[in-house]
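Structure first, then comments.
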Amino acid sequence: MKKENDHGKPGHKYGMVINLDKCTGCGTCMVACAAENNVSVRPDQSDKERVITWMRLYRITNGKEFPDTEVSYFPRPCMHCDHHPPCVSVCVATATKLDFHTGIVSQIYTRCIGCRYCQAACPYGARYFNWWDAYFPKGKGLDRYLSPEVSPRMRGVVEKCTFCHHRLMRAKSQAYAEDRREIEEDQYQTACTEACPAGAITFGDLNNPEHQVSKLTKHPFTFRLLERIGTEPKVYYQSSRDWVRKLGDNFLPGEYQPVVNKTWMKEEWSTKPGRDTF
Amino acid sequence: MKLTRRNFIATVVGGVAGIQVTPLPWKFTDDVAIWTQNWPWVPVPPTGEFSEVSSVCNLCPGGCGISVRKVDNRAVKIEGRPDYPVNAGGICPVGMGGLQLLYNESLRFTGPMKRVGMRGSGEFQNISWDDAFRIIAGRISALRKSGRPEAIAAVDGNREGTTASALIERLMQAVGSPNYVRLPSLSDTYRMGNIVMEGRDAPVAYDLENSDFVLSFGCGLLEGWGAPGRVMNAWGMWHDANPAKRKTHIVQVESRASNTASKADLWVAPRPGTDAALALGLAHVIIRSGKYDAGFVAEHTFGFEDWQSTDGRPHSGFKTLVLKNYSPEQVSKITGVRPDVMVKLAAAFRLAKAPVAIYGKGKNDLNGSLYEFMAVQSLNALTGRINRPGGVLLPDPIPLNPLPYFERDDIASQGLKKPRLDRGGTQEYPFTQSLISNFADAINRSPKSPIDTLMVFSANPAFTLPDGGAFKNALAKIPFVVSFSPYRDETANMADLILPDCTYLEKMDDMVWPVGLQYPFYGLSKPVVKPIYDTRNCGDTVIEMAKAIGESVGSAFPWEGFEDVVKERAKGLYDAGGGRVSFDRAAPAWKPQNPKAGDKPGYNSFDDMWKKLMAGGLWYRPLDQAREWPWLFKTPSGQFEFYSQLIDQAIQRASAKDLRIAVRDDAACMAHYATPTSTANRSDYPLSMMPYEMINLASGWIPSPPFLYKTLPDTQLLKETSFAAVNPKTAAKYGLKQGDLVAVQSPVGEVQARIDLFGGAMPDIVYMPVGFGHTGYDEFLKGKGVNPNAIVQAEQDPVTGYPVWWNTRVKLVKV
Ligand code: SF4
Ligand code: SF4
Ligand code: SF4
């Protein structure tokens, strides 16, 4: 990435680390995302193939019998895959692009022709098609809470998480107004990050070694979803539980390597922790 | 040319390549884009000037600080406030979706209304506020004139201690009716437990953030227990990415693999309703090892060793009882938890530096059991974890000014002498202030409703009470029902008159001591937007109403409006001194701070404090962790009482049987476990049903913002049907598969749900989510799933009389 952007000048590469031990499964990130980004809410939200959830909580269980059963959650925004995001390569209308300055995979609704190639190409199910117009029936007045920062979508286009791109714009305008060249870590944070009551989500510039995210990605408990298909997601997860990490990819029997005795900042810990050994 | 695979590909590839070089598709795409840009039916949110308004979320007893983004006068987004002591930036999903409760016309009442359709049909007609006041005041005055003020009743869902509830209670006093009924919640169980063991009528204060071992008996830490903003923030702190830095261990005691149970360091699953036995089993292990806090027990407790009362009667102490009845083997038979787990857990609890055992049942909305609370609190006392940092703290109540004295007229004095319909505070229910289940029962049992006019404030008992629909039936019998709800909920739909309150974003309201918080806290919310419909703050409505009734009732309310009352009460905070009205993130309120002598409170007069309190919406006293021992316990013995003399006295006055206590003698005054009674036949109803709560579905009187339905998996709600979680083994016994539609039948009713096979469900228990099955509200919530409360058959909890809602016998019948 570094090499490709802006003729060799290292740019930003925004990314996210979600700590699944902290994640409580509360769903605030989903609600915050929908509220922030004017996502349409229809009366039936149980048809998961039609409902739009830029951020979606996937509920997983360890499959063990009572009383050893555990559930956990994967909050899943768009992974903002690096280099060659599968959705970008297939888009016939150039409606979705990887921005080399920020690492954000954009979606331009007015260019989208609704062919849904990208939706089929995305291995993470992060893209959603508008089967209907945004649902704001007359007489209810629900449209009064719509934010002018994000345009509501029309029937027939695909939409997805933008890493709250408008917030980056907001931070940029602010920086410009204050005559700054750089945006500080806390000046651009996504809605889901800010909303999470457990502080499970960390957002920042993966290219900036000072940012929390760059440090957290080096942790041995850090992994990405379907890492081996080479999409290079910029959304990372952390979990101290083996079974959770194992569900991050499709492993053949015996292929998964548990994290044991790896050290992180050496002096700090060197045993396999987690619930299993408590 | 024969079409082979090879030349087929060649043709397609060639074709595609050809298309790529012509400009046509690009032009076409562009045209499409321009065309779509001009679609007229997509709303274009108007832009304007952006601003942020700070307030407090009042949707649950959690009191999170919120900041609302506005564009001109529209609120467009709610966010958590990082400069607030309770939640430190995050909020829960319900609070996050709050704007959908504000801007939804079909969910709300847009002005005062009277019923025109059938009761429950939800058909109302607009009337003016003047007319509304005339109707209600006329009705109340007439009842007073005819000497029946006790036929007026109020059901109040506001939390105890809030200004709104103080005004409503005062109205009932002034009018002269003893029938002021509150909804039971976990706070009531806490309050009662604190009274009988510590002699303190105060909220419970768990110092979670300073603890290193949290043993939670049933608290849905991640399901919305306590102040969710605070608890989940603590959860994040406890789970540092670096496990070596994790100081706090969390153990969850619960029968289902809830989020909390799954995410805890250890999950212990006793049968529902046997928590007391488990706590006492742990106490047994600790006592037997001799490693309890003997100093604390000797100095600050009563009833641990065997003792003799003044009349010379010998009594067995807590120790004897626990050693005799609660060995791990005995407890294992009751709870199903393996003895070795208990031994290990007890050791871990004892060895931790600052352990705390906390008690709850899911969220805060429903009550717990008194003896269970006592068992858990006994465990804290045994290990000396009361009035110690990281344990259970005993702060004083919030020093709000009481409302001034007022004169009652004769009618009121006579009326107040009449017995309460719910028998709260009588010999049978000595510590219970109100008992809505008895209230409903009394109405249902008499041929003609003894209540003529019922006013319902901030509550939706027709939906939220786990009473098998008893309250709903009572509602139908009451001649005149008035609802003050802003929402078209089930109870409001049964009303004859609606005097709609504003939603929480349109009004001033106060928040007194979020549940479980360890330091005194008072929050004040303010109108974020002007009322968007013709609704009024319920506090103002009550004052207006009293004035419309006039006479001594009117003069009991000398205030202009609600704000004056709030201010008058808040003056007490100023007079008491020592509180802060601003918060510095660097000094979390739960961190012990050593206030220096010269510390300024940050305000110099009451008016200055009031201004800052209104702006910031917070008042708190930084944690003062351990307090001086003398006078701390206000029990008859002046100690923490393992053996509650107050319960003893209550038994002397009535009898153990009248108090519904299953055991006799000394055990009745101490924490104990007794097999719950059920009138249902086990062979007819082989399973039991346990309602469960979730953080992403509102289950109290506040409706769920429709956003929340995005977060629900399709194994909890699918189209119109909700799911009942059962263990695969149990399902197999009845030949049920994933998704099968079943009737869940209890002795009092039946609901239909789909089966969700869930390994984390305890065998033989049917778990049903609470919050579905609305018949009120609008298309987003109506007719989705079923409400398990409708089939709950609840016995009464010993001493308190609150419903034992976690033990309904049911059977499953495939539909
Ligand atoms: S808001 Fe945070 S804790 Fe809640 S589900 Fe999302 S990531 Fe998890
Ligand atoms: S980054 Fe923004 S758009 Fe993406 S999931 Fe989070 S809130 Fe939604
Ligand atoms: S936890 Fe309670 S107070 Fe906090 S946002 Fe949620 S509903 Fe509001």
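The values are calculated or read from the model by the stated rules, or taken from the named source; none is laboratory data. Since the model is a prediction, treat every value here as computed from it, not as a measurement. Cβ coordinates were reconstructed from backbone atoms using ideal geometry, including for glycine residues, and neighbour counts include every protein chain displayed.
Residue by residue, here is whether (1) within 16 Å of ligand 3 (Cβ to nearest atom); (2) of a type outside the set (D, E); (3) in a loop (DSSP other than H, G, I, E, B) holds:
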residue: A:D143; (1), (2), (3): no, no, no
residue: A:H166; (1), (2), (3): no, yes, no
residue: A:Y176; (1), (2), (3): no, yes, no
residue: A:E182; (1), (2), (3): no, no, yes
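Looking at the range A:153-167, which of its residues are surrounded by fewer than 21 Cβ atoms within 10 Å (Cβ to Cβ) and more than 10 Å from ligand 2 (Cβ to nearest atom)?
Matches in the range A:153-167: A:R155, A:G156.
Could you pull out every one of the strands (runs of 3 or more DSSP E) wholly within the range B:436-523 that has 1 or more residues that are more than 19 Å from the chain's Cα centre (by Cα) and not acidic (D, E)? Let's see the steps before the verdict.
Values: elements: B:453-457, B:480-483, B:509-512.
Filter on the range B:436-523 gives B:453-457, B:480-483.
Scanning the range A:112-148 for residues that are of a type in the set (D, E, K, R) and touching an Asp or Glu at 6+ places or on another chain (Cβ under 8 Å), which turns out modelled with the lowest pLDDT? Write out each step before concluding.
The initial filter retains those residues of the range A:112-148 that are of a type in the set (D, E, K, R), namely A:116, A:127, A:133, A:138, A:140, A:143-144.
Filter again for touching an Asp or Glu at 6+ places or on another chain (Cβ under 8 Å), leaving A:127, A:140.
Working: A:R127: 96, A:K140: 87.
Step by step, filter the range A:112-148, then rank; the result is A:K140.
Assess whether A:E65 counts as being in contact with a Ser or Thr (Cβ under 9 Å, 6 or more places away or on another chain), among the acidic types (D, E) and over 20 Å from A:E227 (Cα atoms).
Numbers: in contact with a Ser or Thr (Cβ under 9 Å, 6 or more places away or on another chain): no; among the acidic types (D, E): yes; over 20 Å from A:E227 (Cα atoms): yes.
No; evaluated as a whole, the condition is false for this residue.
Which ones in the range B:526-549 are buried (at least 22 other Cβ atoms within 10 Å of the Cβ) and small (G, A, S)?
Passing the criteria: B:G539, B:A546.
Which strands (runs of 3 or more DSSP E) does the range B:146-258 wholly contain that include 1 or more residues that are free of Cβ contacts under 8 Å to residues at least 40 places away in the same chain and farther than 30 Å from B:G550 by Cβ? Explain how you work it out, then say what you get.
Details: elements: B:152-156, B:180-182, B:213-219, B:249-253.
Qualifying strands (runs of 3 or more DSSP E): B:249-253.
What is the one condition in (1) more than 26 Å from A:A198 (Cβ to Cβ); (2) away from ligand 2 (no atom under 15 Å from the Cβ); (3) among the hydrophobic types (A, V, I, L, M, F, W, C) that A:I60 does not satisfy?
Every listed condition holds for A:I60 apart from (1).
Being free of Cβ contacts under 8 Å to residues at least 12 places away in the same chain and either facing chain A (nearest Cβ under 9 Å) or surrounded by 23 or more Cβ atoms within 10 Å (Cβ to Cβ) (or both), is that true of even one residue in the range B:696-712? Walk me through how you get there before you give the answer.
Restricting attention to the range B:696-712, the residues satisfying the condition of being free of Cβ contacts under 8 Å to residues at least 12 places away in the same chain are B:710.
Now narrow it down to the ones that are either facing chain A (nearest Cβ under 9 Å) or surrounded by 23 or more Cβ atoms within 10 Å (Cβ to Cβ) (or both): B:710.
Yes.
Got a number for residues in the range A:25-41 being more than 12 Å from B:G90 (Cα to Cα), within 15 Å of ligand 1 (Cβ to nearest atom) and of a type in the set (A, V, I, L, M, F, W, C)?
Qualifying residue count for the region: 5.
Among the residues of the range B:668-688, is there at least one that is under 30 Å from A:L57 (Cβ atoms) and surrounded by 19 or more Cβ atoms within 10 Å (Cβ to Cβ)? Reasoning before the result, please.
Within the range B:668-688, the first condition is being under 30 Å from A:L57 (Cβ atoms), and the residues that meet it are B:687-688.
Filter again for surrounded by 19 or more Cβ atoms within 10 Å (Cβ to Cβ), leaving B:687-688.
For the range B:668-688, residues under 30 Å from A:L57 (Cβ atoms) and surrounded by 19 or more Cβ atoms within 10 Å (Cβ to Cβ): present.
Which residues, counting only those in the range B:528-549, are in contact (Cβ under 8 Å) with a residue 60 or more places away in the chain and outside any helix (DSSP H, G or I)? Even if it seems obvious, please write down each step before you answer.
Residues of the range B:528-549 in contact (Cβ under 8 Å) with a residue 60 or more places away in the chain: B:528-530, B:532-536, B:538-539, B:542-546, B:548-549.
Matches in the range B:528-549: B:V528, B:V529, B:K530, B:I532, B:Y533, B:D534, B:T535, B:R536.
Matching residues to (1) in the same structural domain as B:A381 (by TED's automatic domain parsing); (2) under 30 Å from B:I765 (Cα atoms); (3) away from ligand 3 (no atom under 16 Å from the Cβ):
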| site | (1), (2), (3) |
| --- | --- |
| B:T189 | no, yes, yes |
| B:N194 | no, no, yes |
| B:G220 | yes, yes, no |
| B:M237 | yes, no, yes |
| B:K245 | yes, no, yes |
| B:V268 | yes, yes, yes |
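Between residues in the range B:322-348 that are assigned by TED's automatic domain parsing to the domain that holds B:R256 and residues that are among the basic types (K, R) and outside any loop (DSSP other than H, G, I, E, B), which pairs lie under 7 Å by C-beta distance while being six or more apart or on different chains?
Taking only residues 6 or more apart or on different chains, the pairs are B:L323/B:R288.
If I filter the range B:386-409 for residues that are of a type in the set (D, E, K, R) and without any contact (Cβ under 8 Å) to a residue 60 or more places away in the chain, do I get at least one hit? Give the steps one after another, and end with the answer.
First, pick out the residues of the range B:386-409 that are of a type in the set (D, E, K, R): B:388, B:396, B:407-409.
Applying the additional criterion that residues be without any contact (Cβ under 8 Å) to a residue 60 or more places away in the chain yields none.
Taking every residue of the range B:386-409 in turn, none turns out to be of a type in the set (D, E, K, R) and without any contact (Cβ under 8 Å) to a residue 60 or more places away in the chain.
With (1) over 30 Å from B:A474 (Cβ atoms); (2) within 14 Å of chain A (Cβ to nearest Cβ); (3) touching a strand residue (DSSP E or B) at 6+ places or on another chain (Cβ under 8 Å) as the list, and B:P228 as the residue in question, which single condition is left unmet?
It fails just one condition, (3).
Working only within the range B:84-94, note down all residues that are within 12 Å of B:C60 (Cα to Cα) and facing chain A (nearest Cβ under 8 Å).
Once the filter is applied, which keeps residues that are within 12 Å of B:C60 (Cα to Cα) and facing chain A (nearest Cβ under 8 Å), the range B:84-94 yields B:I91, B:C92, B:P93.
How many residues does the range A:48-93 hold that are among the aromatic types (F, W, Y), over 22 Å from B:I765 (Cα atoms) and in a loop (DSSP other than H, G, I, E, B)? Explain how you work it out, then say what you get.
Applying the first criterion (among the aromatic types (F, W, Y)) to the range A:48-93 yields A:54, A:58, A:66, A:73-74.
Now drop any that are not over 22 Å from B:I765 (Cα atoms), which leaves A:54, A:58, A:73-74.
Restricting the remaining residues to those that are in a loop (DSSP other than H, G, I, E, B) gives A:54.
Summing the residues that are among the aromatic types (F, W, Y), over 22 Å from B:I765 (Cα atoms) and in a loop (DSSP other than H, G, I, E, B) in the range A:48-93 gives 1.
Do you know which residues across the range B:424-444 are among the charged types (D, E, K, R) and at pLDDT 95 or above?
B:D441, the sole residue that qualifies.
Please go through the range B:136-149 and give me each residue that is under 33 Å from the mean Cα position of the chain (by Cα) and either more than 16 Å from B:I411 (Cα to Cα) or surrounded by fewer than 14 Cβ atoms within 10 Å (Cβ to Cβ) (or both), ordered by number.
B:I136
Considering only the range A:192-207, I want to know if a residue exists there that is more than 16 Å from ligand 1 (Cβ to nearest atom), over 29 Å from A:P258 (Cβ atoms) and surrounded by 16 or more Cβ atoms within 10 Å (Cβ to Cβ).
yes
For (1) closer than 29 Å to B:G97 by Cα; (2) within 16 Å of ligand 2 (Cβ to nearest atom); (3) in a loop (DSSP other than H, G, I, E, B); (4) not small (G, A, S), each residue gets a yes or a no:
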site	(1), (2), (3), (4)
A:Q189	yes, yes, yes, yes
A:T193	yes, yes, no, yes
A:A198	yes, yes, yes, no
A:F203	yes, yes, no, yes
A:P220	no, no, yes, yes
A:L225	yes, yes, yes, yes
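Among the residues of the range A:23-36, is there at least one that is part of a loop (DSSP other than H, G, I, E, B), over 12 Å from B:L712 (Cα atoms) and at the interface with chain B (Cβ under 7 Å from one of its Cβ atoms)?
Kept after step one, since they are part of a loop (DSSP other than H, G, I, E, B), are these residues of the range A:23-36: A:23-27.
From the residues that got through so far, the ones that are over 12 Å from B:L712 (Cα atoms) too are A:23-24.
Narrowing the set further to residues that are at the interface with chain B (Cβ under 7 Å from one of its Cβ atoms) leaves A:24.
There is at least one residue in the range A:23-36 that is part of a loop (DSSP other than H, G, I, E, B), over 12 Å from B:L712 (Cα atoms) and at the interface with chain B (Cβ under 7 Å from one of its Cβ atoms).
How about the range B:793-806: which of its residues are in contact with a strand residue (DSSP E or B) (Cβ under 6 Å, 6 or more places away or on another chain) and more than 13 Å from B:Y767 (Cβ to Cβ)? Don't jump to the end; show me each part of the working.
Filtering the range B:793-806 for residues in contact with a strand residue (DSSP E or B) (Cβ under 6 Å, 6 or more places away or on another chain) gives B:793-795, B:797, B:804, B:806.
Scanning the range B:793-806 gives B:Q793, B:A794, B:E795, B:D797, B:V804.
Within the set of pairs 6 or more residues apart or between chains, which connect a residue that is without any contact (Cβ under 8 Å) to a residue 40 or more places away in the chain inside the range A:19-34 to a residue that is part of a loop (DSSP other than H, G, I, E, B) and among the aromatic types (F, W, Y) with Cβ atoms less than 8 Å apart?
Close Cβ pairs satisfying both conditions: A:A34/A:W54; A:A34/B:F707.
Could you please find all residues in the range B:550-567 being farther than 18 Å from B:L400 by Cβ and assigned to a helix (DSSP H, G or I)?
Within the range B:550-567, B:E551, B:S552, B:V553, B:G554, B:S555 qualify.
Of the numbered conditions (1) aromatic (F, W, Y); (2) farther than 18 Å from B:I91 by Cα; (3) more than 7 Å from chain A (Cβ to nearest Cβ), B:W267 satisfies every one except a single condition; which is it?
With (1) aromatic (F, W, Y); (2) farther than 18 Å from B:I91 by Cα; (3) more than 7 Å from chain A (Cβ to nearest Cβ) applied to B:W267, the lone miss is (3).
So, in the range B:727-748, exactly how many residues are in contact with a Lys or Arg (Cβ under 9 Å, 6 or more places away or on another chain), surrounded by 15 or more Cβ atoms within 10 Å (Cβ to Cβ) and over 20 Å from B:Q716 (Cα atoms)?
Count: 3.
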